[in-house]
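The values are calculated or read from the model by the stated rules, or taken from the named source; none is laboratory data. All of these numbers come straight from a predicted model, not from anything done at the bench. All Cβ positions, glycine included, derive from the backbone under ideal geometry; neighbour counts span all protein chains shown. SASA here: full protein model, heavy atoms, side chains in, ligands and nucleic acids out. Shrake-Rupley method; radii C 1.70, N 1.55, O 1.52, S 1.80 Å.
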Amino acid sequence: MRTKALFLSLTLFTAVAAIAQQKQAPPAPGTPRNFAIPAIRRMDLQNGLKVRFVPYGEVPKVTVRLVTQTGNIDESANETWLADLTGSMMEQGTTTRSSDQIARDVAMMGGSLEIGVGVNQTTIGTDVFSESVVPAIQLIADVARNPKLPESELARLKGDMNRNLALQRSQQQTLAAEKFGQVLFPNSPYGRMYPSEAMLQGFTLEQVRNFHAKNFGAARSTIYVVGRFDASAVEDAIRAAFGTWVKGDAATKPSVTPVRKRGVYFIERPGAVQSTVYVGLPVIDAANAEYLPFTVMNALLGGSFGSRITSNIREQKGYTYSPGSAINSRLGAASWAEVADVTTNVTGASIKEILFEIERLRKEPPTDAELRGIQNYLAGTFVLRNSSRAGIAQQLAFLDLYGLTEDYLRNYVQQVYALKPADLQRLAQTYVDPSKIAIVVVGDPATVPEQLKPYGDVMR
């Protein structure tokens, strides 16, 4: 029996080895297709509200989003997070419904109400069953137009925000991101990420009500309806719910003067076993015709798992686990940054390799094969990201914010594949100048500052 078992084991091993030797390469990817954006019907009300109807999908559900062009961009220097507090207060009920009633009503529709406050846009939306789309529209209109903004909830919400602020301040990544924004966009809402505790606690109900009254109105708002719905019933519901909404002021057009200069900034974190590193500078925003090509350059340099910087300081040298670069685009301004949490004793070496990869791309183009891998990645993730109701609504809001046409989405895949290696080299030469890069590091003051000296005078 032992002999038979040995024979069977050897036979199995031989068979597995043979299969391994015969293993073939995976089939080549098919011909990429452009993103097919569904047909969009537009309607504008007399008060300035813009409406976008997008019939999509087979599932009987609808995404409804009201997007207003307001957010942190409309805060003054002593009002950081006032927009966020206003959004939280709007969730506390309307003049006719309590917050509990709103939650129950929208749950009966198959969804939940979400209010998201961003730098340039505030979104009030939900995803509901198709038969509930009309009451969902009425609910969103009630929250946007008639928030109660109850004084009884103000202290509690400020307390919640204060705890969140303390948590954010305890994290290295937050401190580095805040300093990076301050350096690149001084004296601008884009450079103000967090309030002081005193500022936050000093917010009054009058400030909240004034912020809502000043910044929420039809002229700076768009409602997106995506999914399966009765177009006539939805149109009637929108006219009835929003037709008499106050027009209000036009959206804020920010005037931002970015700072592009080399600088090294250090924030002390005694005893830290890792350093948080930001290496970046102001770049073009999404309204620029070269923004899409720039996103491809970013993906190759650091913005994908197959990027050069990831290969260098993660795979080859083991300095960090998950480095990456990203473009943070806002209306009128954007920044690009390579971000990594690295072992303390290789902080300087990590910065050296990041700058090396930037210079390498500026000096020589990538190979055709390397670029093709990045193109395949971006084309595939783009189509997947936008193949949902929420994804379509989000992309349309992106287009409207930056004044782009549907061709941006329709031709995205084609334009990604049209880029040549020399194009990425030129983009790096044009927009990622190492002499204008800011370096922000949060780490141990006992070991890190000496490592930063080769890159410039260290400012604290």
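Suppose R0 equals 30 Å; then what is the FRET efficiency for Asp160 and Val259 from their Cβ-Cβ distance, rounded to the nearest 0.05?
Numbers: r = 34 Å, r/R0 = 1.12.
Calculated transfer efficiency: 0.35.
Computed from backbone phi with θ = phi - 60° and the Karplus coefficients 6.51, -1.76 and 1.60, the 3J(HN,Hα) list for the stretch 184-201 is 7, 10, x, 6, 9, x, 5, x, 10, 9, 9, x, 7, 4, 5, 4, 4, 5 Hz; x is used for glycine and proline. In order along the stretch 118-132, the Karplus-derived 3J(HN,Hα) couplings, from 6.51 cos²θ - 1.76 cosθ + 1.60 at θ = phi - 60°, round to x, 5, 10, 9, 10, 10, 10, x, 7, 10, 10, 5, 4, 5, 9 Hz, and Gly and Pro are given as x.
Let a ≥ b ≥ c be the square roots of the eigenvalues of the Cα gyration tensor of the chain; is it rounded (a/c under 1.5), or, if not, prolate (a/b larger than b/c) or oblate?
On the way: a/c = 1.75, a/b = 1.28, b/c = 1.37.
The shape class here is oblate.
Taking all Cα pairs closer than 8 Å and separated by 6 or more residues, the relative contact order of the stretch 94-239 comes to 24 percent. Taken about its Cα centre, the stretch 44-87 carries a charge dipole of about 320 debye when Lys and Arg each add +1 at the Cβ and Asp and Glu each add -1 at the Cβ. Computed over the chain, the per-residue total of -39500 (n - 2.57) for DSSP H runs of n ≥ 4 gives a 222 nm mean residue ellipticity of -13000 deg cm²/dmol, rounded to 500.
In terms of the mean number of neighbouring beta-carbon atoms within 10 Å, the peptides 356-365, 306-315 order highest first as 306-315, 356-365. Size descriptors for the stretch 170-278, from the alpha-carbon set: Rg then Dmax equal 21.5, 64 Å. To the nearest ten degrees, helix 154-169 and the longest principal axis of the Cα atoms of the chain are 10 degrees apart. On the basis of the beta-carbon distance and an R0 of 60 Å, Arg239 and Gln429 show a calculated FRET efficiency of 0.70. Using a probe radius of 1.4 angstrom, the carbon and sulfur fraction of the accessible surface of the chain is 53%. To the nearest ten degrees, helix 421-431 and the longest principal axis of the Cα atoms of the chain are 60 degrees apart.
Take each peptide in 371-378, 61-68, count the other Cβ atoms within 10 Å of every residue, and average; sorted highest first, the result is 61-68, 371-378. Within the chain, antiparallel bridges make up roughly 75 percent of the DSSP beta bridges whose residues both belong there. Roughly how many Å is it from the Cα centre of the stretch 197-231 to that of the stretch 308-330, as a whole number? When both Cα centres are located, 37 Å separates them.
Were the residues from Asp230 through Ile40 laid out at 0.36 nm apart, the gain over their Cα-Cα distance would be 66.9 nm.
Relative to the current alpha-carbon distance between Met108 and Arg169, full extension at 0.36 nm per residue lengthens the span by 18.1 nm.
For each pair in Lys214/Lys261; Lys158/Lys214; Lys158/Lys179; Lys214/Lys436; Lys61/Lys253, compute the distance between the two Cα atoms and list the pairs where it is over 32 Å. Write down the numbers at each step before the final one.
Values: Lys214/Lys261 36 Å; Lys158/Lys214 21 Å; Lys158/Lys179 24 Å; Lys214/Lys436 38 Å; Lys61/Lys253 35 Å.
Listed pairs above 32 Å: Lys214/Lys261; Lys214/Lys436; Lys61/Lys253.
Over the chain, average the accessible area per residue using a 1.4 Å probe and give it in Å², no decimals. Could you put the intermediate results ahead of the total?
Values: 21840 Å² over 460 residues.
Per residue, the chain has 47 Å² of solvent-accessible surface.
Modelled this way, with points 7 Å down the Cα-to-C-beta line, the labels at Asp368 and Thr405 are 3.2 nm from one another. Angle of helix 133-145 to the longest C-alpha principal axis of the chain, folded into 0 to 90 degrees and rounded to 10: 80°.
Highest mean packing comes first when the peptides 129-139, 287-297 are listed by Cβ atoms within 10 Å, giving 129-139, 287-297.
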